[in-house]
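Presented below is the structure to which this report refers.
The values are calculated or read from the model by the stated rules, or taken from the named source; none is laboratory data. Remember, it's a predicted structure, so these values are computed and weren't measured experimentally. Virtual Cβ from ideal backbone geometry, glycine too; neighbours counted across all protein chains shown.
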């Protein structure tokens, strides 16, 4: 059996099952991708401010769960 290396780890005070952590990590990766897209769109000035705020709040929340 091959062990897949993860590119994340939980913050020291966060406890969750490995299965749940994997699912949350998938959401976090999607959010980071959305963040990159939002940054690109902002440079072109066609990104709504509320989207930027939502993405930033999501990234802040994920940093409380994962060590990036």
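Numerical summary
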| item | result |
| --- | --- |
| Output for the range 28-60, where each listed residue is within 18 Å of residue 10 (Cα to Cα), free of Cβ contacts under 8 Å to residues at least 12 places away in the same chain and either more than 10 Å from the chain's Cα centre (by Cα) or surrounded by 12 or more Cβ atoms within 10 Å (Cβ to Cβ) (or both) | 29 |
| Among the candidates 3, 67, 55, residue that is at pLDDT below 80 and touching a strand residue (DSSP E or B) at 6+ places or on another chain (Cβ under 7 Å) | 67 |
| Failed item, numbered, when residue 35 is tested on (1) outside any helix (DSSP H, G or I); (2) modelled with pLDDT of 75 or more | (1) |
| Residue match in the range 8-24 (condition: at pLDDT below 80 and either within 13 Å of the chain's Cα centre (by Cα) or part of a helix (DSSP H, G or I) (or both)) | yes |
